[in-house]
Amino acid sequence: LSATEFIKKYRLLKFTLKGENLFLISGSYRLKEDLVIPEGLKVEFESNTTITLEQNRSIVSYSPINFNGTENFPIIIKSEDSTRPFGTVAIVLDKKENIEIKNLKLIGGSDKFAGGIFFYWALSIHNANIRMDSCTIKASRGDDGINFKNSIVEIINCHFIENYSDHMDLDFCEAIVQTSEFNNTKILNFGDGIDLSGSYALIINNNILKSGDKGISVGENSKVVIKKNSILGNALGIAVKDSSNALISENTFDR
């Protein structure tokens, strides 16, 4: 679809076209069907926007989306009913493009089969340059709160709270994860705080609390520096396996 055809198809959402960019105008929206964004567009979600999704409904994009929330006016994507999670927010790109995610609150996602891919994660991004700042991922019922694949990733000042399995899964990424919180103090989850596969990562100055499995799992030939983290109350602190290497320094551990 062209940008104008896309706007006509999703009339219930207030998109405006400025130059080459599509902007979702600030407001409250309810999605009763999947929102599928085709390849070839550039999409911006403006601050002070709330999107409520019915059970199993999803946002799947083949174009980059920038989430431009602010501290006082975040972007909120949530399930209509806390007991009936929405599907996923997924971005799948053919070539690496920049994605900025600022002050996004994603609450109550799970998983979704779409476009021949099964997304097991509340937020999934494939093949991008991602900067994620001051976001909250909460109450995911899927395998992961977020899953990023084949991407260059910077995650700072984020909160991962009460997700039912892994908070974060990074597969074949180059990543920095810093000054973030992974917290399951209110529920018993069954996954890891941070799960790495085939990745190069710096994990520094994070709080990783009460994961039901590992605080940090380093697998599938990952190369990782883990420094100055508080890794408290997890079933296992750090696991390094599958021919991986980790430099572990100045961390705090406690049951």
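The values are calculated or read from the model by the stated rules, or taken from the named source; none is laboratory data. None of these values were measured; they are calculated from a predicted model. Glycine also receives a Cβ, built like all others from the backbone with ideal geometry; neighbour counts cover every protein chain displayed. For accessibility, only protein heavy atoms count, side chains too; no ligands or nucleic acids. Shrake-Rupley method; radii C 1.70, N 1.55, O 1.52, S 1.80 Å.
Working from Cα pairs under 8 Å separated by at least six residues, relative contact order for the chain is 10 percent. For the chain, the share of DSSP beta bridges that are antiparallel, to the nearest 5, is 5%.
Restricting attention to the range 125-224, lysine pairs at least eight places apart or on different chains and with alpha-carbon atoms under 16 angstrom apart total 4. Which shape class, rounded, prolate or oblate, goes with the chain when its Cα gyration tensor gives a ≥ b ≥ c as root eigenvalues, a/c under 1.5 marks rounded, and past that a/b bigger than b/c marks prolate? Judged from the Cα gyration tensor, the chain comes out prolate (a/c at least 1.5, a/b above b/c).
Let me know the shape class of the range 144-255, please: from the alpha-carbon gyration tensor, a ≥ b ≥ c as square roots of the eigenvalues, rounded when a/c is under 1.5, otherwise prolate if a/b is greater than b/c, or oblate. Because its axes are fairly even, with a/c under 1.5, the range 144-255 counts as rounded. If R0 is 45 Å, the Cβ-Cβ spacing of residue 25 and residue 176 corresponds to a FRET efficiency of close to 0.85.
In terms of its C-alpha gyration tensor, the range 31-90 comes out oblate, because a/c is 1.5 or above while a/b does not outweigh b/c.
Using the Cα centre of the range 184-233 as origin and beta-carbon charges of +1 (Lys, Arg) and -1 (Asp, Glu), tell me which of 190, 231, 215 is placed farthest towards the positive end of the dipole. Farthest along the dipole direction, towards plus: 231. How much of the DSSP bridge set in the range 43-181 is antiparallel, in percent, rounded to the nearest 5? DSSP beta bridges in the range 43-181 are roughly 5 percent antiparallel.
Note on the range 1-140: Kirkwood hydrodynamic radius from all Cα pairs is 14.9 Å, rounded to one decimal.
A cut-off under 14 angstrom between Cβ atoms defines the neighbours of residue 152, and their net charge, with Lys, Arg +1 and Asp, Glu -1, is -1.
Highest-first packing order for the peptide set 70-78, 189-197, 12-20 is 189-197, 70-78, 12-20, based on the mean count of other beta carbon atoms within 10 Å. A straight Cα-to-Cα reach below 15 Å connects residue 102 with the aspartates and glutamates 44, 46, 71, 133, 154, residues fewer than 8 places away in its own chain not being considered. With R₀ fixed at 30 Å, the C-beta to C-beta distance from residue 7 to residue 156 puts the FRET efficiency at about 0.35. Put 159, 167, 126 in order of accessible area, highest first, and with a 1.4 Å probe you get 159, 126, 167. Considering only 161, 91, 187, the mean-square fluctuation computed in a Gaussian network model of the chain, springs between alpha carbons under 10 angstrom, is largest for 187. Paramagnetic label reach from residue 16 (point 7 Å along Cα→Cβ; backbone nitrogen cut-off under 16 Å): within the range 36-67, residues 43-49. Here the simple spin-label model places points 7 Å from the Cα toward Cβ, and for residue 254 and residue 188 these points are separated by 2.3 nm.
Per-residue Karplus couplings for the range 239-251, computed as 6.51 cos²θ - 1.76 cosθ + 1.60 with θ equal to phi - 60°, are listed in order as 10, 10, 8, 6, 6, 7, 10, 9, 9, 10, 8, 6, 9 Hz, Gly and Pro entered as x.
Per residue, the convex hull spanned by the Cα atoms of the range 145-185 measures out at 53 cubic angstrom. Taking R0 as 25 Å, what's the FRET efficiency between residue 34 and residue 95 from their Cβ-Cβ distance, rounded to 0.05? Once rounded, the FRET efficiency stands at 0.55. Ligands, DNA and RNA aside, residue 42 has an accessible area near 90 Å² when probed at 1.4 Å. What lysines does residue 42 reach when the alpha-carbon gap must be under 16 Å and sequence neighbours fewer than 8 apart in one chain are set aside? Partners found: 14, 18, 95, 96. In the chain, the DSSP-assigned H stretches of four residues or longer account for a calculated mean residue ellipticity at 222 nm of -500 deg cm²/dmol, using -39500 (n - 2.57) per stretch and the full residue count as denominator. Only the Cβ atoms of Lys and Arg (+1) and of Asp and Glu (-1) were treated as charged; on that basis the dipole of the range 205-255 about its Cα centre amounts to roughly 100 debye. For the range 223-231, 3J(HN,Hα) computed residue by residue from phi via the Karplus equation (6.51, -1.76, 1.60; θ = phi - 60°) reads 10, 9, 10, 10, 9, 6, 9, 9, 10 Hz, glycine and proline entered as x. Ordered from highest to lowest accessible area with the whole protein assembly present and a 1.4 Å probe, 141, 131, 84 read as 84, 141, 131.
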